Amino acid sequence: MWQRPQLLNAMADLLFAAGSAMLLAAAVLWIMRQPFAPVRDIRLAAPLRHVALSELEEAAQGALRGNFLSVSLEDVRAALETVPWVRKATVRRVWPNRLDVALEEHRPVARWGVSGNEWVNTFGEVFAAQLTVGAKPALPRFSGPPGMAPALLRHYGASVAAFAPMGVKPARLALSPRHALEMTLDTGLVLKLGRERQSAPIQQRLARFIQAYPASVAERNPRPAVADLRYPNGFTLYPQGVARPAQGD
């Protein structure tokens, strides 16, 4: 090998390159660990409705480790997403010392369950959060087995559109453990809709009831308290004071 100068030169070049790379990596690591170039500013992309700045500061404090170059954007993002009203956070560096933060807040469209602090957002996701003082939106209430909020949200959206011409809307949707649906209108009328069936879909039975609503329900005095829509070709009305049919198929 010692008689092959070209091989020796190649090995020397390789060792030099490897040593230079190691020195460069060490220098970068040293720079990233130094206290200079701290993050001096965190800027929000838009005003927030439910989230307080103090909550964001408290959540991000533990994730802001290192300087502008070494701080983990993923850690900051994850920390911000622990704040109750934050659905999604995006964080990016802006030279020389700023982090820009874009937050997507949950938009509640319904209350969930009976706890009083759980909500369903526009994506059908259930989240827990306290409302700010004085904020009491008139939202419907959903209840059902875990994971069924998206299905209830779809039923709600279709039903709101269907009942709009009558000037009424759903106020409560409840799904039993066997997935039987019960809907309460803002007039107090309870609709027993039962389970989804291929031969008689819920929305089809509901459309038949809505077509008959002006004559069968709105003009009755007194108005019925319960409408059983579980039949494939019709429905039954129950006046106030009569025992309600059991929630089933």
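Within the set 49, 92, the sole residue that is surrounded by fewer than 13 Cβ atoms within 10 Å (Cβ to Cβ), in a loop (DSSP other than H, G, I, E, B) and in contact with a strand residue (DSSP E or B) (Cβ under 7 Å, 6 or more places away or on another chain) turns out to be 49.
Entry remark, region 204-237: residues being at pLDDT below 90 and of a type in the set (Phe, Trp, Tyr) number 1 in total.
Based on what the data block shows, is residue 87 among the charged types (D, E, K, R), under 23 Å from residue 47 (Cα atoms), part of a strand (DSSP E or B) and at pLDDT 95 or above? Yes; evaluated as a whole, the condition is true for this residue.
Checked against (1) of a type in the set (A, V, I, L, M, F, W, C); (2) assigned to a helix (DSSP H, G or I); (3) more than 28 Å from residue 153 (Cα to Cα), residue 99 passes all but condition (2).
For region 175-223, the set of residues classified as at positive phi and in contact (Cβ under 8 Å) with a residue 40 or more places away in the chain consists of 194 only.
The values are calculated or read from the model by the stated rules, or taken from the named source; none is laboratory data. Predicted model only: the values in this text are computed from it and were never measured. Here Cβ is always computed from backbone atoms with ideal geometry, including for glycine, and neighbour counts include all displayed protein chains.
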